[in-house]
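Written below as structure tokens is the structure these notes are about.
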Amino acid sequence: MATAGAQSEPQVQDRYGRSAAGLKVPKHPTWCPGCGNYAIWGAIKLGLEGTKYPKEKTVICYDVGCSGNMADFNAYYGFHSLHGRALPAAVGTKLANHELKILVVIGDGGCYGEGGTHFLNLMRGNHDICILVHDNHRYSLTTGQMSPTTDKGIKTKSTPEGSIEEPMNPMAIAISNHATFIAREFAGNIPKLGSRITEGLNHVGFSLIDVLQPCPVFNPAQSYDWYREHMIQLEDEGHDPSDRLKAWKQATRSDKLPIGLFVKEEKPAYHQQVSELATGPLVNKNIASVDLASLVKDFQ
Amino acid sequence: MANELNWKVAGFAGEGIMTTGLLFSKTCARHGMSIFDYTEYPSLIRGGHNTYQVYANTSGAFAQRKMVDVLVALNRNSLSFHKDELSSDSLVIYDQDDDKVDINDYALPCQVFNLPMVKLAIDSGGQRLMANNVILGASVYFFGMSLDILLTVITAVFQDKGESVVKLNAGAALAGYEYAKAHAKPIMQIDKGPFEQYLTATGNEAISLGALAGGLQFYAAYPMTPSSSILHYLSATAKQTNIVVKHAEDEISAINMACGASFAGARAMVGTSGGGFCYMTEGLGLAGIAELPLVVFEGMRPGPALGMPTWTAQGDLGFILNASQDEFPRFVLTPGDAQEAFELTRIALELAEKYQTLVMLVSDKYLSESRLTFKLESTVFKNKRQAFNGNPQPDESGFFPRYLESENGVSPRTIPGTAGGTYIANSYEHDKYGLAAEEGSIRLEQMDKRFRKFDAMRSEVPRQYEEREAGAEVTLVSFGSTKGVIRAARTLLKKDGIPTNTLNLSWIWPFPKDQVKDIIGNGRPIVVEGNKQGQLARLIAQETGMMINDYIRRYDGRPFYAEDIASEVKKLV
């Protein structure tokens, strides 16, 4: 819609011609041509719309990286955190107001590297946040160094002779470490990723969606076609998301890249187990008048 | 009648020394005395040498005193480690039967009293640990204090554990009192004081109460001495106060969670010590640039790195003033006693919200873990929510201009959940909507807007604690916890005919430069501080241009003693 004075809206429509709301923003994407972020961006909009949740009650916490740069392109309340710290920022936001739905937009570097300890520990608490990891197996914003998910032996700017480390397996870790919604999807399938994001946002608890994202500039070998050749769909394998052991076997396969929902388990979320939050969100607590009388008697 | 006493219990960690000390302290408080309790312990759970010292005074206790009236020695080390704190007037209480010591080996300069504490505890129907109550009974006798008051304290402390527990503890206390009475005379008769309506709390407890009074809603921390007791207190009382306390996986998480909670509209605070504060520094800048209200408590201990975990220091001042990338306006508050710890923490939460920025609240092991007397005029505290826009209108961009320029630099913020208030809280430099911006003009606009707040912040700084005396040539200048010990030192100096002035800074940033210039400009300042390089002296020189030539510094992990300050001042004048 081109009205006088307004900037034209970028053309992000899915293959069914559905346009996403929340696109009317003053800034336009700065990603490279062919970047998987365009597709994920579109899927996020579909995913957020799919929840039918009030827009002002939805918060996106962004990490630092190419993915986090979409903070400027979504007309939602946003928190563009420090590198690796989007998870604790999201958890703090959620604990302060558990009526908010929270999506975390983060990269493989931020989630599995810089913020690895938050990833490991916050999933144990089943904090009710949905984490979308833009997993392109590189640090791309800093021009292409290895990341925690880079395969062993890959030459990058920081590993000119090939990386020595084995890649992290975030699916297997999450399966072993109490995450309650664990999925992997492909950036090249916007409708499927979009509906998975809706499911993740609607799941009450820690939901992890690892998105295989091509980076044509710094990781051209793992292209859209490469992924399509290597992926298999968990649905086609008859996988049951209530079976963690089978999910772990799928996650640790070396022959193929399984895509889909690995695990889904209903368990109380962190904020549901904090007795102080039983009466409503923390931000609604009235502090206009605080009486310390019952506490003070211990000091007399 | 005597108006002050100094009592110390020493022994192995794990023997209940902290509880015994606390009960004796409460007994003194209920005699209307003002209290200063000081503890020493190593970074161990069991076996190290622990002490708990209660200095009580009917006209005001400001610091621990060196020379003890009664030393309760629970093991052999206790008999040899504290010899230089004993005078000919002191009394040492020990248990000959339990430890089989030859007391003459220790050549103590004072009288001793053999109290069969373990035997009396067991004979009165209790267990070995009840010996602590025997000690309390005997101690109360020797100071000529009221046994009834001690029994009231024991009842109050143990009543939650049931009547039989109260009875056992009270029985042991009575046995101690009667045994002492049958074998010796009191060493003094303590008068009652006027402080009965006062409270006694550790610095950290006062900080916790102050935070709650200031409307604290979210506290996140990772344990680190000497800040952990705030985490413990706020967790233990959370069911009553309905705040959320989160023990995070590390300090980085703690501060980022607090930033998230603040973004969502909760009054948020974190607490740590120097090492954890190092981890938090990136988050300080986040609060600064995103203009998120945040209170960060830092309890100092000697460093660098792990340093000496359970000892005291004031060596992080320079770091705290500057910690973060680049620059943003912050408050740095350094309370000097329990009263200020309470008040300044309450105010810190208010200031953070009012100016949408970082407030550093700085203590040290000495203040955080010592117990002091303070007063609350009322238990009810009012809080006004400030600098919010509850009915925002987005402009044509679809976003709300949350960082719009304003006269004093504060722009009303919105919180998620409020329709029309959409903006980005951004760790990157940003425009008025919070959208990332690298244009020089926007950078200048936002940086200058943030620093415009600093002028208003400066106007918040009240008159600092100051005392003058006629004919004084020197002014003792300090910050934070050194306040009380300087008050005590001035009393000693006055007795020796040396009048002094004093200035203690509890609002150290924005630096009250006019006050400092005014107060020390005409006299001779002696800066007393707990670090090696004179960080306060350097700050004074930086802010006022006045060079400090005379100073007293301590950095061995021990607190200043009034006696030592007095003798150092005598050398300087």
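Does residue A:151 count as part of a loop (DSSP other than H, G, I, E, B), closer than 20 Å to residue A:171 by Cβ and either of a type in the set (Ser, Thr, Tyr) or more than 11 Å from chain B (Cβ to nearest Cβ) (or both)? Talk me through it step by step, then tell me what you get.
Values: part of a loop (DSSP other than H, G, I, E, B): yes; closer than 20 Å to residue A:171 by Cβ: yes; either of a type in the set (Ser, Thr, Tyr) or more than 11 Å from chain B (Cβ to nearest Cβ) (or both): yes.
Taking the combined requirement at face value, the residue satisfies it.
Take region B:501-515 and flag every residue that is touching a residue at least 40 places away in the same chain (Cβ under 8 Å) and over 23 Å from residue B:342 (Cα atoms).
Going through region B:501-515, the residues touching a residue at least 40 places away in the same chain (Cβ under 8 Å) turn out to be B:504-510, B:512, B:515.
Of everything in region B:501-515, just one residue is touching a residue at least 40 places away in the same chain (Cβ under 8 Å) and over 23 Å from residue B:342 (Cα atoms), namely B:515.
Just need a number here: residues in region B:183-223 that are not hydrophobic (A, V, I, L, M, F, W, C) and not in a loop (DSSP other than H, G, I, E, B).
Narrowing region B:183-223 to residues not hydrophobic (A, V, I, L, M, F, W, C): B:183, B:185-186, B:189, B:191-194, B:196-198, B:200, B:202-205, B:208, B:210, B:214-215, B:217, B:219, B:222-223.
Subsequent filtering for residues that are not in a loop (DSSP other than H, G, I, E, B) retains B:183, B:200, B:202-205, B:208, B:210, B:219.
Final tally of qualifying residues: 9.
What do you reckon, is residue B:266 within 30 Å of residue B:137 (Cα to Cα) and buried (at least 24 other Cβ atoms within 10 Å of the Cβ)? Reasoning before the result, please.
Working: within 30 Å of residue B:137 (Cα to Cα): no; buried (at least 24 other Cβ atoms within 10 Å of the Cβ): yes.
Spelling it out, it is not the case that residue B:266 is within 30 Å of residue B:137 (Cα to Cα) and buried (at least 24 other Cβ atoms within 10 Å of the Cβ).
Could you please let me know if residue B:403 is in a loop (DSSP other than H, G, I, E, B), more than 8 Å from chain A (Cβ to nearest Cβ), out of contact with any strand residue (DSSP E or B) (no Cβ under 6 Å at 6 or more places or on another chain) and modelled with pLDDT of 95 or more? Give the derivation first.
Working: in a loop (DSSP other than H, G, I, E, B): yes; more than 8 Å from chain A (Cβ to nearest Cβ): yes; out of contact with any strand residue (DSSP E or B) (no Cβ under 6 Å at 6 or more places or on another chain): yes; modelled with pLDDT of 95 or more: yes.
When the stated conditions are applied, residue B:403 passes them.
Please find, within region B:457-470, the residue that is farthest from residue B:336 (Cα to Cα) out of those that are buried (at least 16 other Cβ atoms within 10 Å of the Cβ) and in contact (Cβ under 8 Å) with a residue 60 or more places away in the chain.
Per the stated criteria, the residue is B:457.
Give the residues of region A:120-144 that are out of contact with any Pro (no Cβ under 8 Å at 6 or more places or on another chain), under 27 Å from residue A:265 (Cα atoms) and not small (Gly, Ala, Ser), sorted by residue number. Steps first, please.
Start the filter on region A:120-144 by keeping residues that are out of contact with any Pro (no Cβ under 8 Å at 6 or more places or on another chain), which leaves A:120-121, A:123-125, A:127-132, A:134, A:138-144.
Next, only the ones that are under 27 Å from residue A:265 (Cα atoms) stay: A:120-121, A:123-125, A:127-132, A:134.
A:120, A:121, A:123, A:124, A:127, A:128, A:129, A:130, A:131, A:132, A:134, listed by residue number.
Which of the residues that make up region B:364-403 are free of Cβ contacts under 8 Å to residues at least 24 places away in the same chain and of a type in the set (Ser, Thr, Tyr)?
Listed by number, the residues that qualify are B:378, B:379.
Could you check region A:74-113 and list, in sequence order, the residues that are surrounded by 24 or more Cβ atoms within 10 Å (Cβ to Cβ), more than 18 Å from residue B:250 (Cβ to Cβ) and charged (D, E, K, R)?
Those that are surrounded by 24 or more Cβ atoms within 10 Å (Cβ to Cβ), more than 18 Å from residue B:250 (Cβ to Cβ) and charged (D, E, K, R): A:94, A:108.
Sort out which residues of region A:166-223 are closer than 19 Å to residue A:136 by Cα, among the hydrophobic types (A, V, I, L, M, F, W, C) and under 12 Å from the mean Cα position of the chain (by Cα), and write them in order of number.
If the condition is that a residue be closer than 19 Å to residue A:136 by Cα, among the hydrophobic types (A, V, I, L, M, F, W, C) and under 12 Å from the mean Cα position of the chain (by Cα), then A:182, A:183, A:193, A:197, A:208, A:209, A:211, A:212 are the ones that fit.
Looking at B:398, B:417, can you tell me which residue is within 10 Å of chain A (Cβ to nearest Cβ), assigned to a loop (DSSP other than H, G, I, E, B), at pLDDT 95 or above and under 20 Å from residue A:75 (Cβ atoms)?
Details: B:398 fails: at pLDDT 95 or above.
One residue alone meets the criteria, B:417.
Residue-wise test of (1) of a type in the set (D, E, K, R); (2) under 28 Å from residue A:56 (Cβ atoms); (3) touching a strand residue (DSSP E or B) at 6+ places or on another chain (Cβ under 7 Å); (4) surrounded by 14 or more Cβ atoms within 10 Å (Cβ to Cβ).
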| site | (1), (2), (3), (4) |
| --- | --- |
| B:440 | no, no, no, no |
| B:443 | yes, no, no, yes |
| B:454 | no, no, no, yes |
| B:472 | no, no, yes, yes |
| B:475 | no, no, yes, yes |
| B:489 | no, no, no, yes |
| B:500 | no, no, yes, yes |
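Name, by its number, the condition in (1) crowded, with 24+ Cβ neighbours inside 10 Å; (2) away from chain B (no Cβ under 14 Å); (3) out of contact with any Cys (no Cβ under 9 Å at 6 or more places or on another chain) that does not hold for residue A:140.
Failed condition: (3).
Within region B:207-259, track down each residue that is within 7 Å of chain A (Cβ to nearest Cβ) and within 18 Å of the chain's Cα centre (by Cα).
Correct list: B:209, B:212, B:213.
Please give the number of the condition residue A:194 fails out of (1) modelled with pLDDT under 95; (2) crowded, with 18+ Cβ neighbours inside 10 Å.
Result: residue A:194 passes all but (1).
Look through region B:83-99, keep the residues that are more than 15 Å from residue B:11 (Cα to Cα) and free of Cβ contacts under 8 Å to residues at least 60 places away in the same chain, and return whichever of them is surrounded by the most Cβ atoms within 10 Å (Cβ to Cβ).
Start the filter on region B:83-99 by keeping residues that are more than 15 Å from residue B:11 (Cα to Cα), which leaves B:84-91, B:97.
Filter once more, so that each one left must be free of Cβ contacts under 8 Å to residues at least 60 places away in the same chain: B:84, B:86-88, B:90, B:97.
Details: B:84: 9, B:86: 19, B:87: 12, B:88: 7, B:90: 21, B:97: 14.
Across region B:83-99, the extreme among qualifying residues is B:90.
Filter region A:74-109 down to the residues that are in contact with a helix residue (DSSP H, G or I) (Cβ under 7 Å, 6 or more places away or on another chain), touching a residue at least 40 places away in the same chain (Cβ under 8 Å), more than 7 Å from chain B (Cβ to nearest Cβ) and in a helix (DSSP H, G or I) and list them by number.
Passing the criteria: A:87, A:94.
For residue B:273, all conditions in the list (1) buried (at least 24 other Cβ atoms within 10 Å of the Cβ); (2) more than 8 Å from chain A (Cβ to nearest Cβ); (3) more than 20 Å from residue B:481 (Cβ to Cβ) hold save one; what is the number of the exception?
It fails just one condition, (3).
Please report, ordered by residue number, the helices (runs of 4 or more DSSP H) entirely within region A:184-268 with at least 1 residues that are touching a residue at least 12 places away in the same chain (Cβ under 8 Å) and hydroxyl-bearing (Ser, Thr, Tyr). Steps first, answer last, please.
Numbers: elements: A:190-202, A:224-230, A:244-251.
In region A:184-268, A:190-202, A:224-230 are the helices (runs of 4 or more DSSP H) which contain 1 or more residues that are touching a residue at least 12 places away in the same chain (Cβ under 8 Å) and hydroxyl-bearing (Ser, Thr, Tyr).
Looking at region B:193-205, can you tell me whether even one residue there is out of contact with any strand residue (DSSP E or B) (no Cβ under 9 Å at 6 or more places or on another chain) and free of Cβ contacts under 8 Å to residues at least 12 places away in the same chain?
There is no residue in region B:193-205 that is out of contact with any strand residue (DSSP E or B) (no Cβ under 9 Å at 6 or more places or on another chain) and free of Cβ contacts under 8 Å to residues at least 12 places away in the same chain.
Could you look through region A:254-298, keep only residues that are more than 22 Å from residue B:217 (Cβ to Cβ) and more than 23 Å from the chain's Cα centre (by Cα), and pick out the one that is farthest from the other protein chains (Cβ to nearest Cβ)?
Step by step, filter region A:254-298, then rank; the result is A:255.
For region B:1-111, give me every one of the helices (runs of 4 or more DSSP H) that falls completely inside it and has 3 or more residues that are not charged (D, E, K, R). Walk me through how you get there before you give the answer.
Working: elements: B:17-30, B:76-81, B:96-99.
Correct list: B:17-30, B:76-81.
Could you tell me which residue of region A:63-73 is surrounded by the fewest Cβ atoms within 10 Å (Cβ to Cβ), considering only residues that are touching a Phe, Trp or Tyr at 6+ places or on another chain (Cβ under 8 Å) and more than 7 Å from chain B (Cβ to nearest Cβ)? Let's see the steps before the verdict.
Taking region A:63-73 first, the residues touching a Phe, Trp or Tyr at 6+ places or on another chain (Cβ under 8 Å) are A:65-66, A:68-71, A:73.
Those still in the list that are more than 7 Å from chain B (Cβ to nearest Cβ) too: A:65-66, A:68-70, A:73.
Values: A:65: 28, A:66: 25, A:68: 27, A:69: 20, A:70: 25, A:73: 23.
Ranking the qualifying residues of region A:63-73, first place goes to A:69.
The values are calculated or read from the model by the stated rules, or taken from the named source; none is laboratory data. Only a predicted model underlies this, so the values are computations on that prediction, with no experimental measurement involved. Quick reminder, even Gly has a Cβ in these numbers, built from the backbone with ideal geometry, and neighbours come from all protein chains shown.
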